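The values are calculated or read from the model by the stated rules, or taken from the named source; none is laboratory data. Because the structure is predicted, anything quoted here is derived from the model rather than measured. Note: ideal-geometry Cβ built from the backbone for every residue, glycine included; neighbour counts use all protein chains shown.
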Amino acid sequence: MNMKNEEKIYQLNTYNIAEYTSTDYTDNDIAILGDFKNLLFNKYFKLNANIYVVCVKGRLQININTQKYAIYPGEMLICMPNMILSNCTTSSDFKGAMFCLSTQITQKYLHKSSDIWNKAFYISQNPVVRIDKDRVQLFDLYYKVIRARMKQAEQPYYKEVIRSLIRTMLYELLADLNQLSTPPESQMVKRSNILFKRFLDLLACTEVKKRSISYYAGKLCVTPKYLSTVCKKVSGKTAFEWINDYVVEDIKYFLKYSNKSIKEISEHQDFPNISFFGKYVKTHLGTSPTDYRKQSLPPRGTLQQKRRS
């Protein structure tokens, strides 16, 4: 990835997307955005969700993993977990809608769609999808219905209705994906690659990472040995190494940015005790949790300066 070393990568998910742009609706699993004027994607974001953007008018442009993409009327952009997003801009006449869904709710809605994971991996390499004119109008209609329903937040079953509309819209999306022409055999993603991608998606969407291969293997309906073999074959690293990578990243985040005590972080990350947690951090970060936190603190006065600016 051709990014400057000093660029910070921010996490983007359904929990925090409202911090970076105005949203029409947001809960723990779904965020809806129609006004793109305040879209603050001038940073680098690692996506921990699924984003669907439908263009009705104008143009939207964005960098995905540093590669530039643009969508025009009749096109949809699909962004998946672990993608790096940056430099999102729109034309002055842009009209469209963005639906951000957590990986958990996406998997819940699509768990019976056996073929979708093959399509999803292919689309992750080809994120711009052409949709027919009638379906674009249908998406626009869904969005208008959702906006109308959002004005009645005090009504019973408000959240359930919003989610039902989103789910229906997602199935409409799948109808278009199923019409995609099958890529040539030489481009088809092997089953091992699909399993590896699903494993990483599962890791990304698990809030408290389990440090057991068996947990993820069970979720993916394979044996721990097979999962580790596939990971090693595809990426050069075992499943356990990938798990540790993700666990360590979460620990680093909490030590750097949270106000939790070392003990609270240890408990939150499901370690048996603070001593075991300390040894784990020492093994993977080369220092104790306390020392790592001290090293990560900004120079004295930096926070005060930021507050004044």
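Looking only at residues of the range 260-288 that are touching a residue at least 12 places away in the same chain (Cβ under 8 Å) and not in a helix (DSSP H, G or I), we find that the one that is surrounded by the fewest Cβ atoms within 10 Å (Cβ to Cβ) is ASP270.
Quick check on the range 242-255. Is at least one of its residues more than 28 Å from LYS197 (Cβ to Cβ) and either of a type in the set (Gly, Ala, Ser) or assigned to a helix (DSSP H, G or I) (or both)?
Kept after step one, since they are more than 28 Å from LYS197 (Cβ to Cβ), are these residues of the range 242-255: 255.
So of that shortlist, the ones also either of a type in the set (Gly, Ala, Ser) or assigned to a helix (DSSP H, G or I) (or both) come out as 255.
Yes - at least one qualifying residue is present in the range 242-255.
Answer with yes or no whether PHE99 is surrounded by 14 or more Cβ atoms within 10 Å (Cβ to Cβ), at pLDDT below 85, under 28 Å from ASN82 (Cα atoms) and under 24 Å from the mean Cα position of the chain (by Cα). For PHE99, the condition - surrounded by 14 or more Cβ atoms within 10 Å (Cβ to Cβ), at pLDDT below 85, under 28 Å from ASN82 (Cα atoms) and under 24 Å from the mean Cα position of the chain (by Cα) - is not met. Of all residues in the range 90-105, those that are over 17 Å from ILE131 (Cβ atoms) have Cβ atoms under 6 Å from Cβ atoms of residues that are among the aromatic types (Phe, Trp, Tyr), 6 or more apart or on another chain, in THR90/PHE36.
Out of the residues in the range 1-33 meeting the condition of being charged (D, E, K, R) and more than 16 Å from the chain's Cα centre (by Cα), tell me which one is modelled with the highest pLDDT.
Applying the first criterion (charged (D, E, K, R)) to the range 1-33 yields 4, 6-8, 19, 24, 27, 29.
In the following step, the residues that additionally are more than 16 Å from the chain's Cα centre (by Cα) were identified as 4, 6-8, 24.
Numbers: LYS4: 46, GLU6: 45, GLU7: 61, LYS8: 78, ASP24: 85.
Top of the filtered list is ASP24.
Scanning the range 180-199 turns up no residue that is at pLDDT below 85, part of a loop (DSSP other than H, G, I, E, B) and under 23 Å from LYS279 (Cβ atoms).
Could you check, for the range 118-134, whether at least one of its residues is assigned to a helix (DSSP H, G or I), among the acidic types (Asp, Glu) and modelled with pLDDT of 80 or more? So far as the range 118-134 goes, yes, one or more of its residues are assigned to a helix (DSSP H, G or I), among the acidic types (Asp, Glu) and modelled with pLDDT of 80 or more. Cβ separations smaller than 6 Å between residues 6+ apart or across chains give the following pairs from the range 126-146 residues that are at negative phi and of a type in the set (A, V, I, L, M) to residues that are in a helix (DSSP H, G or I) and at pLDDT below 85: ILE131/ASP176.
Yes/no per residue for (1) of a type in the set (Gly, Ala, Ser); (2) over 22 Å from GLN104 (Cα atoms); (3) surrounded by 12 or more Cβ atoms within 10 Å (Cβ to Cβ); (4) at pLDDT 80 or above:
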| residue | (1), (2), (3), (4) |
| --- | --- |
| GLU160 | no, no, no, yes |
| LEU174 | no, no, yes, no |
| CYS205 | no, no, yes, no |
| LYS210 | no, no, yes, yes |
| ALA217 | yes, no, yes, yes |
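So, VAL230, is that one at pLDDT below 80, assigned to a helix (DSSP H, G or I) and in contact with a Leu (Cβ under 9 Å, 6 or more places away or on another chain) or not? No: the conditions fail for VAL230.
ASN42 meets each of the listed conditions (1) under 24 Å from TYR142 (Cβ atoms); (2) more than 15 Å from the chain's Cα centre (by Cα) apart from (1).
Condition test on LYS209, is it assigned to a helix (DSSP H, G or I) and out of contact with any His (no Cβ under 7 Å at 6 or more places or on another chain)?
Details: assigned to a helix (DSSP H, G or I): no; out of contact with any His (no Cβ under 7 Å at 6 or more places or on another chain): yes.
The answer is no for LYS209.
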